[in-house]
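Undergrad: Take this structure first; my questions come after.
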Amino acid sequence: MPAVTETKPALRARMLALRAALDPALGHALAQHLLAANIIPAHAVIAGYIPLKGEIDILPLLHALHERGHPLCLPETPPRGHPLIFRAWAPHVPLTTGRFGTRHPLTEQLTPAIILTPLVAFDEAGNRLGFGAGYYDRTFARHPAALRIGIAYGAQQVPLVPTGEHDLPLHFIATEKRTQRL
């Protein structure tokens with residue numbers, strides 16, 4: 001196991017700068033790889049998200065999953081210290097702006113079987129780095145049976161993500177290059 005050479009804040013800053021230079025349209029390739037991997041059971045409830053500036057665009061994936069009959073939901077970001085709330089969504093459902101510029105519908109809550117998770121960085125062991133508020137860590141703890149799929153550009157892979165006791169690893173990573181079990 002390589003030694004941790006960067007703190008989470010330093011790694012986050014470096015990776016956000018790198019991510020800002022990448023092309024969100026690579027999300028089309030990500031969608032193709034993830035759908036071809038055949039890891040998503042038919043009709044599973046899938047939690048996605050509306051990408052923020054710099055994140056790879058997963059809207060092509062969400063639209064394809066909707067066309068395949070999957071119920072979809074998007075996260076509402078509650079006050080700090082709480083897990084995400086997932087609200088039913090389809091491409092025609094209007095969205096409202098939430099905390100940190102996120103967008104979600106004002107619909108009923110769903111419980112996801114699969115959680116698509118935006119990443120700042122990841123490593124080959126399935127460790128992930130997010131924005132640092134712990135929302136996805138608390139959400140994973142609340143939904144332990146959910147399949148955790150990290151969504152990122154391939155360039156966001158690092159040798160080692162520093163982890164803490166509450167960090168839960170991903171089951172899969174999907175990038176524009178491949179979908180891989182971790």
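Undergrad: May I ask you to list the residues of region 141-174 whose amide nitrogen lies under 19 Å from a point 7 Å from Cα along the Cα→beta-carbon direction of Thr111?
TA: Backbone N within reach: 141-149.
Undergrad: Explain nothing, just the number: dipole magnitude of region 1-144 about its Cα centre with +1 on each Lys and Arg Cβ and -1 on each Asp and Glu Cβ, in debye rounded to the nearest 20.
TA: My answer is approximately 400 debye.
Undergrad: If you average the sequence gap of Cα pairs under 8 Å that are 6 or more apart and divide by the length of region 8-181, what percent do you get for the contact order?
TA: Values: 375 pairs, mean separation 42.9, N = 174.
Rounded, it is 25 percent for region 8-181.
Undergrad: Separate question: Only helices at least 15 Å long along their own axis, judged from Cα atoms, and with Kyte-Doolittle mean hydropathy of -1.0 or greater: name those in the chain from DSSP H. If you can, show how the numbers build up before the last one.
TA: On the way: long enough: 8-20 (18 Å, 0.12).
Qualifying helices: 8-20.
Undergrad: So how compact is region 1-148: Cα radius of gyration and Dmax in angstrom?
TA: Cα radius of gyration and Dmax of region 1-148 are 15.4, 47 Å respectively.
Undergrad: Just name one of His63, Leu11, Gln156: the one whose Cα is farthest towards the positive end of the charge dipole of the chain (beta-carbon charges, Lys/Arg +1, Asp/Glu -1).
TA: Leu11
Undergrad: If the only charges are +1 at each Lys and Arg Cβ and -1 at each Asp and Glu Cβ, what is the size of the charge dipole of region 76-182 around the Cα centre, to the nearest 20 debye?
TA: Working: 11 positive and 8 negative charges, 37 e Å.
Here the size comes out at about 180 debye.
Undergrad: Next question, about the same structure. For His43 and Lys177, what does the FRET efficiency come to when R0 = 22 Å and r is the distance between their Cβ atoms, rounded to the nearest 0.05? If you can, show how the numbers build up before the last one.
TA: On the way: r = 28 Å, r/R0 = 1.27.
Given R0 = 22 Å and the Cβ-Cβ separation, E is 0.20.
Undergrad: Could you compute the FRET efficiency for Ala155 and His63, with r as their C-beta to C-beta distance and R0 at 25 Å, rounded to 0.05? Present the calculation step by step, with values, prior to reporting the outcome.
TA: On the way: r = 24 Å, r/R0 = 0.98.
Efficiency for this residue pair is about 0.55.
Undergrad: What does the charge count near Ala25 come to, summing +1 for each Lys or Arg and -1 for each Asp or Glu among other residues with Cβ under 15 Å from its Cβ?
TA: Within the 15 Å Cβ shell, the charges total -1.
Read the figures in this text as sums done on the coordinates, not as results from a lab. Just so you know, these numbers come straight off a predicted model, no measurement behind them. Positions of Cβ are backbone-derived with ideal geometry, glycine not excepted, and every protein chain shown enters the neighbour counts.
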